[in-house]
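Novice: Input: one structure, supplied below.
FYI, it's all coordinate maths here, none of it is from the lab. This one's a predicted model, so the numbers in the text were calculated from it and none came from an experiment. Cβ sites come from the backbone with ideal geometry, for glycine too, and all protein chains shown count toward neighbours.
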């Protein structure tokens, strides 16, 4: 869908610069205005966002980032004001959009909800929906089916609102064609660059130039206050490594009647269906017509049972399965209990059998049973590894809280040393490099809470331990200042060489620009300027072929009614570039289909931006209390 955008990123950037409007809703100070003890972090109208909900969404986001980065995410990336504010803003935006969707009477039918869940790859096995995988996901996330389905329904409702609003964006064919022509027009350019290095030998600095610059710009040479730390890190893995689970505990867990279902895989049946839909509240005539149509399809299938998939693609009105030949994947008993009659019919069939039309609240189903996967119980030996992993995780979670509390107590009670804490954890004390209030080179230590703590009066001046600080999920740290360097200005002798080099480069660039402007004037008057042009290149907005953006921008602003045309581009650091445009190649004939496709993509882009602006207006008008 977005292949044009991929190939024409520069054009899309140009469009977005014209239509995008930045919105900032919350200042960073909000980060410090709610704590883990607050009952609510925000109120949106009459709806409250609890600390529990905020914490759960934040943890979900952090865990997702960890998975995406293979468990190697920078702890600072997982706990910073920007991430927390992003989560908070997302929750506020969700509340506003759900409220608006309710005002517009937008609803998500059960069939759409089921299709959305069935289409999640994580819930599929061999390309088919798996009840076992779905239930496993719910257990792992600590969610109930009703709770998860409510979340999905809300997401779908917001998506419907997004699509409904975005679809109103307009982009005419004429506008699309002009943009396409502009993006595909090519200009033949040749370049000649006067570098600052060429003019450096001509620069003669005054004897006291470096000293004057130093005296007038001392802030440039200020080194920040810095510290080196001693620190101890406590992780869940560290605690888990010390936990042992006995064979008796493993067997007891396996034999627990309350967990029997965990090791029991129920019988599952692979089914396909053809749905002739009819609204639950439809008149009797409409329902009878749907039944007659289903019976007619069933009659044809009786003569051609091998064409079930073909018939499903042609006749089924279930958008979630029709394209797959009606395939619903493997279904366990209870998964379709909301479909009256469907489940009873399915579990009363033999493999290969095709049912007569079965009525449900969605219409009439013709069901084919493809295969039966018998239920089985996982043996203790088969489940042993899984059980041990779960128990170690559970025990480590409980133990972690206990160890963390003991660690907090000891670093507070014996605040002048980390040795007692290291002995408690049976771990070593680590030492950092130099770090400032701005951050640390070690990613683990580049955490805002930690930096605030180590530069606090109590820790910095009184040489006390920090409190125990969570720098990432299940990762705690405590530290103390080992060495301290106050802020200072680097001496002139240390930086004089850097200053002289900087001043020389700056003056050389000015000489290059002055020479370049003189040459440009000669070229425009038709005189020889002593320029040795580089090879000619055909460039476009979409394909700059290595031409710097600042140069390309001037190339396409240039009046090309008379060729060759010349332009100069100054760079305060590197010098001056002269450019000659010798030829213009207009876009070839643009087909109607290509223009229509781009107009559609342009409408989508505009729709997305319009919707973003709409959401921004909702947030600005909303009664949001933080």
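Novice: Can you give the calculated 222 nm mean residue ellipticity of the chain, where each DSSP H run of n ≥ 4 adds -39,500 (n - 2.57) and the sum is split over every residue, rounded to the nearest 500 deg cm²/dmol?
Specialist: Details: 23 runs with 298 residues, N = 626.
It lands at -15000 deg cm²/dmol.
Novice: So what's the gap between the Cα centers of segment 306-344 and segment 83-158, to the nearest angstrom?
Specialist: 21 Å
Novice: With axes computed from alpha carbons, what is the tilt in degrees of helix 131-141 against the longest principal axis of the chain, rounded to the nearest 10 within 0 to 90?
Specialist: 50 degrees
Novice: Between residue 182 and residue 112, what length in nm is gained on full extension when 0.36 nm per residue of separation is reduced by their alpha carbon distance?
Specialist: Numbers: separation 70, 0.36 × 70 = 25.20 nm, distance 4.20 nm.
Full extension of this stretch gives 21.0 nm more.
Novice: Per the Kirkwood definition applied to all pairs of different Cα atoms, how many angstroms is the hydrodynamic radius of segment 501-551? If you can, show how the numbers build up before the last one.
Specialist: Values: mean 1/r = 0.0738 Å⁻¹.
Result for segment 501-551 stands at 13.6 Å.
Novice: Across 10 Å bins from the origin, how do the percents of Cα pairs in segment 165-313 run, short distances first?
Specialist: Result returned by the calculation: 6, 9, 9, 8, 13, 18, 13, 11, 9, 4, 0.
Novice: Further question: In the P(r) worked out for segment 446-579, what percent of Cα pairs fall beyond 26 Å? List each step's numbers first, then the result.
Specialist: Values: 5096 of 8911 pairs.
Counting pairs separated by more than 26 Å, the tail of P(r) holds 57 percent.
Novice: Consider a paramagnetic label point 7 Å from the Cα of residue 291 along Cα→Cβ; state which residues of segment 346-386 have an amide N under 14 Å from it.
Specialist: 357-361, 363-365
Novice: Next question, about the same structure. Hey, with R₀ at 35 Å, roughly what FRET efficiency would residue 47 and residue 408 work out to, going by the Cβ-Cβ distance, to 0.05?
Specialist: On the way: r = 35 Å, r/R0 = 1.00.
E between residue 47 and residue 408, to the nearest 0.05, is 0.50.
Novice: Run the numbers for residue 299 and residue 393: contour at 0.36 nm per residue of separation, minus the present Cα-Cα distance, in nm. Each step should come with its number before you reach the end.
Specialist: Details: separation 94, 0.36 × 94 = 33.84 nm, distance 5.63 nm.
Difference between extended and current length: 28.2 nm.
Novice: Give me the compactness ratio for segment 267-374, meaning the Cα radius of gyration over 2.2 N^0.38 Å.
Specialist: Values: Rg = 12.9 Å, N = 108, 2.2 N^0.38 = 13.0 Å.
Normalised Cα radius of gyration, segment 267-374: 0.99.
Novice: On to the next question. Estimate the FRET efficiency between residue 356 and residue 164 by the formula 1/(1 + (r/R0)^6), using the beta-carbon distance for r and 30 Å for R0, to the nearest 0.05.
Specialist: Values: r = 39 Å, r/R0 = 1.31.
Using R0 = 30 Å, I get an efficiency of 0.15.
Novice: Under a crude label model (7 Å from the Cα following the beta-carbon direction), how far is residue 589 from residue 280 in nanometres?
Specialist: 5.7 nm
Novice: Return a whole-number percent for the relative contact order of the chain, with Cα pairs under 8 Å and 6 or more residues apart as the contact set. Kindly include the intermediate steps, with their values, before the conclusion.
Specialist: Details: 890 pairs, mean separation 169.7, N = 626.
Relative contact order for the chain comes out at 27 percent.
Novice: While we're looking at this one, here's another question. Counting pairwise Cα distances across segment 278-332, what percent come out greater than 14 angstrom? Please list the in-between numbers first.
Specialist: Values: 917 of 1485 pairs.
Value for segment 278-332 (Cα pairs over 14 Å): 62 percent.
Novice: Next question. Once label points are set 7 Å from the Cα along Cα→Cβ at both residue 488 and residue 175, what is their separation, rounded to one decimal in nm?
Specialist: My value for the distance between the label points is 6.2 nm.
Novice: Provide 365, 273, 484 in ascending order of the number of other Cβ atoms located within 10 Å of each residue's Cβ, fewest first. Before the final figure, lay out the partial values.
Specialist: Values: 365 28, 273 25, 484 14.
The order, fewest Cβ neighbours first, is 484, 273, 365.
Novice: Report the extension gain between residue 573 and residue 228 in nm, rounded to one decimal, defined as 0.36 nm multiplied by the number of residues separating them, less their alpha carbon distance. Mind showing how you got there, number by number?
Specialist: Values: separation 345, 0.36 × 345 = 124.20 nm, distance 3.61 nm.
Here the answer is 120.6 nm.
Novice: Additional query: Along the three principal axes, how long is the chain when you take its alpha carbons, biggest first, rounded to the nearest angstrom?
Specialist: 99, 80, 48 Å, listed from the longest principal axis down.
Novice: Could you order the peptides 112-120, 466-474 from most to least packed, using the average number of other C-beta atoms within 10 Å per residue?
Specialist: Result, highest mean first: 466-474, 112-120.
Novice: What does a probe at residue 141 reach in segment 87-111, counting residues whose amide N is under 19 Å from the point 7 Å along Cα→Cβ?
Specialist: So the set is 87-88, 90-92, 94-95, 98, 108-111.
Novice: Grab the beta carbon distance between residue 462 and residue 426, set R0 = 25 Å, and tell me the FRET efficiency rounded to 0.05.
Specialist: Details: r = 28 Å, r/R0 = 1.12.
That gives a FRET efficiency of 0.35.
Novice: With label points built 7 Å along Cα→Cβ from the Cα atoms of residue 622 and residue 442, find their separation and express it in nm.
Specialist: Calculated label separation equals 4.1 nm.
Novice: Note the angle between two axes, namely the Cα long axis of helix 592-621 and the longest principal axis of the Cα atoms of the chain, as a number of degrees from 0 to 90, rounded to the nearest 10.
Specialist: Rounded to the nearest ten degrees, it is 90.
Novice: Another one. Can you give me the C-alpha center-to-center distance between segment 506-555 and segment 418-452, rounded to a whole angstrom?
Specialist: For segment 506-555 versus segment 418-452, the Cα centre distance is 52 Å.
Novice: For segment 267-374, calculate the relative contact order in percent as a whole number, restricting contacts to Cα pairs under 8 Å that are 6 or more residues apart.
Specialist: Details: 205 pairs, mean separation 47.9, N = 108.
Over segment 267-374, the number comes to 44 percent.
Novice: Shape of segment 517-626 from its Cα gyration tensor (a ≥ b ≥ c, root eigenvalues): rounded if a/c is under 1.5, otherwise prolate when a/b > b/c, or oblate? Walk me through the numbers on the way to the answer.
Specialist: Values: a/c = 3.69, a/b = 1.82, b/c = 2.03.
Oblate, because a/c is 1.5 or more while a/b does not exceed b/c.
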